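Structure record follows, encoded as structure tokens.
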Amino acid sequence: MTITEPRACVIGHPIAHSRSPMIHGYWLKELGLSGQYGREDVAPVDFSAFIGSLREKGYVGCNVTLPHKEAAFRLVERATERAKQLQVVNTLWFEGDTLCGDNTDIEGFLSNLDDQAPQWSHSLDKAVVLGAGGAAASIIAGLKERGAREIVLINRTLERAEIMAKRFGPTIKPMDWSGASDALDRCSIVVNTTSLGMKGQPALDIDLEKLPPTALVTDIVYVPLETGLLRQARERGNPVADGLGMLLHQAVPGFEHWFGQRPTVTAALRALIEADLTGVRS
Ligand code: ATR
């Protein structure tokens, strides 16, 4: 019998920018495991056939990223509750012959905050989420899981926030940006899920005056690592959590499925990815 080492990959289109190979490569080396993790650029038209022949290609599983996350959900034979809730999958693996899928962005978001702001969810009450795109859905699901009583969802296009509110129920209060500063009053967490503040994008302009000093401020943008929102919050004394940890933590469950050991998000891994991001920026 030939024993081959487990191989996984990240599938996207485009895919060259993905940092997943660096993250999984780091863990494979750190844990002394044999295995490989690569990149596959697959166009939407070829995606279904690619997933259908994943095993023949020698893969034990994969991550999927834009634009394939919804298509991946439709292709898996068994989905986790979180994946079913969002109808989006980013991590695939086999259990026997069954192709399974999970959405690990929720875990990534929650574990990052547990790590950077321990016990944050003990005081979770009213949350403010900026943005109502694809990323916002995972954040809302995570906040609901941890018991948020009210989630004010602020979006430039109000209709998109209203659609999200219909999907997630009465906990969600949709609003446009004109209500953003007032919505911060008595909130316990603010999450930016828009692309505002990202390198090359417009700045996120929000007045934090009404934000309680204990409220946690977090951003899913991680280039730059300290966004304008996080800097503004830090300078007025609020606890902050940057978005890089979400990227690192969402990778943990996939690695465990494919390579058999649960890896840890360490300061050394963060430093490695941070150095890479800084290199890209300069
Ligand atoms: P993703 O799936 O990564 O969340 P997306 O679906 O394109 O990406 O969503 C991007 C989010 O950033 C949206 O909430 C978008 O607001 P709209 O729904 O009104 O488009 C928000 N966004 C992007 N650029 C923005 C800008 N210049 N001002 C305000 N909001 C912006």
Restraint check, Lys144/Lys199; Lys144/Lys210; Lys84/Lys126; Lys29/Lys69; Lys126/Lys173, Cα-Cα greater than 20 Å:
Lys144/Lys199; Lys144/Lys210; Lys84/Lys126; Lys29/Lys69
Any idea how far the Cα center of the range 148-197 sits from the one of the range 95-130, in Å?
18 Å
Once both axes come from the Cα atoms, what is the angle between helix 105-116 and the longest principal axis of the chain, in degrees from 0 to 90, rounded to 10?
60 degrees
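Kindly provide the GluC sites (Glu not before Pro) of the range 58-125 that DSSP labels as loop, not H, G, I, E or B, and whose Cβ sees at most 12 other Cβ atoms within 10 Å.
Here the GluC sites (Glu not before Pro) that fit, given the DSSP loop and packing criteria, are Glu77.
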To the nearest 20 debye, the chain has a Cα-centred charge dipole, built from +1 on Lys and Arg Cβ and -1 on Asp and Glu Cβ, of 120 debye
DSSP bridge orientation in the chain - percent antiparallel, rounded to nearest 5:
20 percent
Positive-end residue of Ser53, His24, Pro170, charge dipole of the chain with Cβ unit charges
Pro170
How far is helix 134-145 tilted off the main Cα axis of the chain, in degrees rounded to 10, range 0 to 90?
80 degrees
Using the C-alpha gyration tensor of the chain, what are the square roots of 5 times its eigenvalues, in whole angstrom, with the largest one first?
33, 21, 17
For the range 129-201, with only Lys/Arg (+1) and Asp/Glu (-1) charged at the beta-carbon, what is the dipole magnitude about the Cα centre, in debye rounded to 20?
200 debye
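Rg/Rh for the range 137-224: what does it come to with C-alpha atoms and Rh from Kirkwood?
0.94
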Cα long-axis angle, helix 158-168 against the chain (0 to 90 degrees, to the nearest 10):
60 degrees
Peptides ranked, highest mean first, by Cβ atoms within 10 Å: ranges 265-271, 229-235:
229-235, 265-271
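Here, each number is a calculation from the coordinates, and none is a lab measurement. Not measured: the values here are computed from a predicted model. Note that we place each Cβ from the backbone using ideal geometry, even for glycine, and neighbour counts take in every protein chain shown.
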